[in-house]
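A short write-up of the structure that comes next.
The values are calculated or read from the model by the stated rules, or taken from the named source; none is laboratory data. Keep in mind it's a predicted model, so treat the numbers as computed, not measured. Glycine also receives a Cβ, built like all others from the backbone with ideal geometry; neighbour counts cover every protein chain displayed.
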Amino acid sequence: MSATGYVAVAAQVAVVAGGAPLLTGWMRQVRARLEGRAGAGVVQPWRDARKLLRKEPVSPTGTGPAFRLAPLLLVAGTAVVAALVPLAATRTPVSGSADLILVVALLALGTVALALAGLDTGTAFGGMGASREMTIAALVEPTILLAVFAVSIPAGSTNLPAIVAGTIDHPARTASPAELLAVAALVVAVLAETGRIPVDNPATHLELTMVHEAMVLEYAGPDLALVELGSQMRLAVLLGLVATLAAPWGVATGGSPALLALALALLVAKVAVLGTALAAAEVFRAKVRLFKVPELLAGSFVLALLAVVGSYFLTGEAGR
Amino acid sequence: MNAVGPALAAVGGLAVAGALAGGLAPARVRPLAAGLCTAGLGAAGVVAGAAALGGARYGVWLPGLLPLAGVRLAVDPLSGLFMAVTGAVTVAVAVYGVGYASPGGGMHGGRGPGDEDAAGSAGGRHAGSDAHEPRDALAAGGGDHGVRSRGAQAVGPVFAGAMVLVPAAGSVSTFLLLWELMALASLLLVLAEHRERPTVRSAGLWYAVMTHLGLVLLLVGLALFAARAGGESFAALRAGAGGMPAGVRGTVFVMTALAFTSKAGLAPLHAWLPRAHPEAPSHVSALMSAAMVNLGVYGLLRVGFDLLGGGPAWWWLLLMGAGALSAVYGILQAAMASDLKRLLAYSTSENLGLVVLGTGAAGLFRAAGDRPLAALALAAALLHVVNHAAFKALLFCAAGSVLRATGLRDLDRLGGLRARMPVTAGLFALGALGAVALPPGNGFVSEWLLLQALVHGLAVPGAAAAVVLPVAVAVIALSAGLAAAVFVKALGVGFFARPRSAGAGRAVESPPAMLAGMALLAACCAALALVPGALGPALTRAVRAAGVGTEKPLADGELGVHLAHTSAALHPLWVALALVAGTAAVAGLARLPARRRARRRDARLWDCGGGAPTARMAYTATSFAEPLQRVFDDVLAPEQDVDVTPVRESAYLVERVRFQRLVPDRIEHRLYRPLLAAVSGLADRARGLGGGSVHLYLGYGLFGLVAVLAALVVGW
Amino acid sequence: MGGLLRKIRGTGRVAEAAPPRPEADPLPAARELGGSVQVRCVDAGSCNGCEIEIGNAFGPVYDAERYGVRLVASPRHADVALVTGPVTRNMAEPLRRTVAAMPQPAIVVAVGDCALDCGEFAGGYGVEGSVVDMVSVDVSVPGCPPEPAAIVTALRTLTGR
């Protein structure tokens, strides 16, 4: 299993890193078509990244190591998450460490790094973006950890491969009310974490409404390419996580290479479906005001709390 | 023969020697002599603690040392853990303190650490007011008062020695004696800079009153316990606790828990902490925040688990409630604070809240009969005590360096220190990484363990668990999320970007002794973050000594953390290596597409085409916290005041707008103010009793005597 | 939501069929971009006629985005500065700074007659000069205002698509 395990980890990272820009391109394309446009094509984010990587790097006056390191750390942290989450295979060399809480914390590390970079520029927009991003990140945390709590109850562990393998063995779990509530709460948290509508508008040009974009206004060239790649990978990996938790079928629990290939293909299909749904939903929704976001997150927090309590009374009592 | 006895003797001896050195040595060598003694006693404390953690038990009765009860010492692994932590913090802070008290300071013109204006520390924060410069206070360089004074230098070693020895106490009288010695010594140290700032005196008063109310509670509680148990040594208490009625046990627990949680800085008894910690000299703040508050937790564990032998679920639910309240309230107040040291003090309230939350969970699991899980929860709480001590001492020391170099602790006026004090900024960043509970920091490991204990706790029978545990998880998550915002603010606003005042612009790096002390703490943080598994056996012994569980909570012989009875595991070293390797790989791969090696160009900040952005346009700590303040408006209830002055000619033309916002400590407002008003009203009325007539007073004496005699005749 | 869905189905595709790729040789600097152009608009003092046409060029009918062009919020993100209007005194320095803030290779496109020779506003007391006088212009789009198709064509010579 070990050889396939290593291949599986490498394949997960490669698929997330290579596929994330395509996912963004695909979502923009879906949106464009629904808006009656032709769209720039699915590979456009890769063209953007290639161009940005070739451009000249710029260090604005007064910025320091935090500004330079943040994009690298953002991408590296997300890549580590992509290696840990059992997107394609549950039995990998890292499956012992693939803890859901660790995954959440590693993603938060990227947010913190970027917020510090925003403050490091010392511009009004950088600070504004950092302040808003950290506010949202702080409020998302309870929801996301409670949802984690809820999905980990049936498996009795926060170890992701154990959760996924358990769900594959007991398919009825995915249809349990607690699991559905938890996934719903997780989806809202994912929208907030990745800065999608209705929490943030990734396509905005208006500085005063920006959250994520305001932090990165000073980045240019290769640094900007990494920041964009990092956000795209984050979206891909979180959608992959939701897909893997809600519909784990196809994730390879054995060691056969053919199963792994099938699992990767299914992963791409599942994430593409989720991406399509998300892009389509964004056409129908507008960004909410910044101070309405806590209400949204409070709603999702209640869902997660119901999921945990429900899970206790449904599976916990029944299992005893 | 084990090493605990000689090491404890060394602690006592060095404390006395340090006090003498601090009191008698000439001013030039005073900080060095006292600092060396303090560092030595800290090292002895580490030796004693490590020996005790290794399994050595030690007990001694010295009847000649004190009249009546004598001094009784008893050391087990639980005491060992707290002694080792206190000792380690003491060593590093003593080294730091030598530099902190050295003359000069980073500022021109011999400004001392005391020189910072009171506006930023007056309990609230101000927004939008003009950025006035710190006034040139009298330099603390004279050596007659402040941290370099004879008194402060003599009391420092006593404080450290008392803290190291408190966990070694083996009887009620010895414990109370050392406890009070520690409290009095810390009070004197808090007051060290009372001539520089009037706020110090008010902080000292609050601290003195609250710590002594705590002492009274502790005294009554433990005296009741000792009277019922028929002996005052801990062994006698332990033996007698089983036979006591539930009501007495509950009373003892509640009274001591109130005192101990107040010492630990838990809401709602925290009011002294955000006053005293910021106003104390910074190395004293570090000792108080990283070592002294832990002893409150030690007291809870010693009395609650060991001496009383555990109790019913409601004890522990009470503790969990207090822990959850202070975790969220502490970090919310920290998020609003723009005074760096006040922010760190409230963060202490938060972290100790998490520790007590874990302790409460351990008691709850123990009461429900799940010993392995209780052991896990307690191990998590103890590990968090260790982690918090490491990073909080580092953070307070770094804040002290900033204060010494700039004369400022108001984040709104700091900034740009990354370029001027790069080592301090890097060390602060390391401490902040520990405090935000994100990998690869050390705080993450213990919070992860705590979450694991709570997540697995749902298997515990009882509907209370099903409601309390999810809420506890949410509380930890919210406090972790807010802590991230808090320390992004502290680091990003305080150290990054450009200086927002002349004081921050003139900062220079701290002297080597201070950097060395901080580097020691940073090394501790790094070791705890990367190989927490090394502490596994020690934690197991401490948990066993507390009488919570006999099973190992953590598997032995691992670098990472592996829960002994579930599949959960965390390997921080590998995570850190993966992050470093990933960062290097991304940096390498990102260079590949470039056709030629493009040089990194320095460019002016994007200013939207207008003039270069000034430091006043940068986000301040106040503006950074504004969205959070609005979200938690109902909880924080800020007081806002807009004052518009029109010009003389017309009411419609505005000459000046003054805006002021204060975020008061709401618990203090709602709980303490009415209480203080009532006490003060009662005192006013009581004044009428003292008319000045001797006959009246003789009459009072007669009536008092008759009342006592009557009570004796009727009652007994 | 149902109404919007019906509207989407009823409207279908609005974007007109793409005209053939422009013949003109792409600039050497544009060849580096490889089919991706990020644009920062600078209104240096225009009457906003050109802005309306630029808005149309990026609207669904002309859909400039399909050729790999995207509007961005910061010159640091941009490859192209799309400048309109005669340059007023207050906008001369901001214009220069915007161009200087862009990472190399950077391209300046002057849109509209005013940008080329101050048009109607030539000699006005608030006008400093044309865009050509302030910064080095790589591509010009004449017209008062230029048609969206002309703007799209100019941008297509940069993306090469």
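Annotations for the structure displayed:
- Among the residues here, A:Leu23 does not qualify as in a helix (DSSP H, G or I), out of contact with any strand residue (DSSP E or B) (no Cβ under 6 Å at 6 or more places or on another chain), in contact (Cβ under 8 Å) with a residue 60 or more places away in the chain and at the interface with another protein chain (Cβ under 8 Å from one of its Cβ atoms).
- Tally, over segment B:218-270, of residues that are within 23 Å of B:Glu350 (Cα to Cα), modelled with pLDDT of 90 or more and small (Gly, Ala, Ser): 5
- Single residue of A:Ala82, A:Ala108, A:Ala147, A:Ala113 found to be touching a Leu at 6+ places or on another chain (Cβ under 7 Å) and touching a residue at least 60 places away in the same chain (Cβ under 8 Å): A:Ala147
- Subset tally (residues that are of a type in the set (A, V, I, L, M, F, W, C), more than 17 Å from A:Val16 (Cα to Cα) and surrounded by fewer than 24 Cβ atoms within 10 Å (Cβ to Cβ)) for segment A:69-93: 1
- Set B:Leu636, B:Leu705: member being more than 9 Å from chain A (Cβ to nearest Cβ), exposed (fewer than 11 other Cβ atoms within 10 Å of the Cβ) and hydrophobic (A, V, I, L, M, F, W, C): B:Leu705
- Segment B:464-502, subset over 27 Å from B:Val445 (Cβ atoms) and touching a Lys or Arg at 6+ places or on another chain (Cβ under 7 Å), residue nearest to the other protein chains (Cβ to nearest Cβ): B:Arg500
- Within segment C:96-131, being touching a strand residue (DSSP E or B) at 6+ places or on another chain (Cβ under 6 Å), closer than 29 Å to C:Glu32 by Cα and assigned to a helix (DSSP H, G or I) holds for C:Thr98, C:Val99, C:Ala115, C:Leu116, C:Val131.
- Subset tally (residues that are more than 14 Å from chain C (Cβ to nearest Cβ) and without any contact (Cβ under 8 Å) to a residue 40 or more places away in the chain) for segment B:568-602: 18
- Condition met for B:Phe659 (crowded, with 19+ Cβ neighbours inside 10 Å, hydrophobic (A, V, I, L, M, F, W, C) and in contact (Cβ under 8 Å) with a residue 24 or more places away in the chain): no
- For segment B:603-616, the candidate set comprises residues that are outside any loop (DSSP other than H, G, I, E, B) and under 42 Å from the mean Cα position of the chain (by Cα); within that set, the residue that is nearest to the other protein chains (Cβ to nearest Cβ) is B:Ala615.
- Residue list for segment A:248-265, restricted to those being under 18 Å from the mean Cα position of the chain (by Cα) and closer than 20 Å to A:Ala20 by Cβ: A:Leu264
- Odd one out for A:Ala172 among (1) more than 9 Å from chain B (Cβ to nearest Cβ); (2) free of Cβ contacts under 8 Å to residues at least 40 places away in the same chain; (3) surrounded by 24 or more Cβ atoms within 10 Å (Cβ to Cβ): (3)
- Whenever a residue of segment B:690-709 is modelled with pLDDT of 90 or more, it has no partner that is not in a helix (DSSP H, G or I) lying with C-beta atoms less than 6 angstrom away and at least six residues away or across chains.
- Yes/no for C:Val127 being among the β-branched types (Val, Ile, Thr), in contact with a Ser or Thr (Cβ under 9 Å, 6 or more places away or on another chain), buried (at least 22 other Cβ atoms within 10 Å of the Cβ) and farther than 24 Å from A:Gly25 by Cβ: no
- Members of segment A:141-160 that are buried (at least 24 other Cβ atoms within 10 Å of the Cβ) and more than 7 Å from chain B (Cβ to nearest Cβ): A:Thr143, A:Ile144, A:Ala147, A:Val148, A:Ala150, A:Val151, A:Leu160
- Only helices (runs of 4 or more DSSP H) whose full extent lies in segment B:469-558 are considered here, and the ones with at least 3 residues that are in contact with a helix residue (DSSP H, G or I) (Cβ under 7 Å, 6 or more places away or on another chain) are B:512-530, B:536-545.
- Complete set of residues in segment A:179-203 that are surrounded by 24 or more Cβ atoms within 10 Å (Cβ to Cβ) and within 14 Å of chain C (Cβ to nearest Cβ): A:Asp200
Each row is one residue, and each column tells you yes or no for (1) at pLDDT 95 or above; (2) more than 21 Å from the chain's Cα centre (by Cα); (3) within 24 Å of C:Pro103 (Cα to Cα); (4) within 8 Å of chain B (Cβ to nearest Cβ).
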site	(1), (2), (3), (4)
A:Lys51	no, yes, yes, no
A:Gly62	no, yes, yes, yes
A:Leu74	yes, no, yes, no
A:Ala79	yes, no, no, yes
A:Leu100	no, no, no, no
A:Asp120	no, yes, yes, yes
A:Gly129	no, no, yes, no
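- Within segment A:204-249, considering residues that are at the interface with another protein chain (Cβ under 7 Å from one of its Cβ atoms) and either part of a loop (DSSP other than H, G, I, E, B) or within 30 Å of A:Val164 (Cβ to Cβ) (or both), the one modelled with the lowest pLDDT: A:His205
- Residue check, C:Glu53 facing chain A (nearest Cβ under 10 Å) and in a helix (DSSP H, G or I): no
- The single condition from (1) buried (at least 18 other Cβ atoms within 10 Å of the Cβ); (2) assigned to a helix (DSSP H, G or I); (3) not assigned by TED's automatic domain parsing to the domain that holds B:Phe428 that B:Ala585 fails is (1).
- Checking C:Glu65 against (1) in contact (Cβ under 8 Å) with a residue 24 or more places away in the chain; (2) more than 11 Å from chain B (Cβ to nearest Cβ); (3) among the charged types (D, E, K, R), the condition it does not meet: (1)
- Selected residue [out of contact with any Pro (no Cβ under 6 Å at 6 or more places or on another chain) and more than 7 Å from chain B (Cβ to nearest Cβ)] from A:Ala108, A:Ala89: A:Ala89
- Only listed residue being over 19 Å from C:Gly160 (Cα atoms), buried (at least 24 other Cβ atoms within 10 Å of the Cβ) and within 14 Å of chain B (Cβ to nearest Cβ), chosen from C:Val83, C:Val99, C:Val72: C:Val83
- Of the numbered criteria (1) assigned to a loop (DSSP other than H, G, I, E, B); (2) facing chain C (nearest Cβ under 9 Å); (3) under 30 Å from B:Ala618 (Cβ atoms), the one A:Gly36 fails is (3).
- Residue match in segment B:360-380 (condition: assigned to a helix (DSSP H, G or I) and under 15 Å from the mean Cα position of the chain (by Cα)): no
- Some residue of segment B:265-273 being surrounded by 23 or more Cβ atoms within 10 Å (Cβ to Cβ) and part of a helix (DSSP H, G or I): yes
- Per-region count, segment B:236-264, residues surrounded by fewer than 16 Cβ atoms within 10 Å (Cβ to Cβ) and farther than 16 Å from B:Trp314 by Cβ: 3
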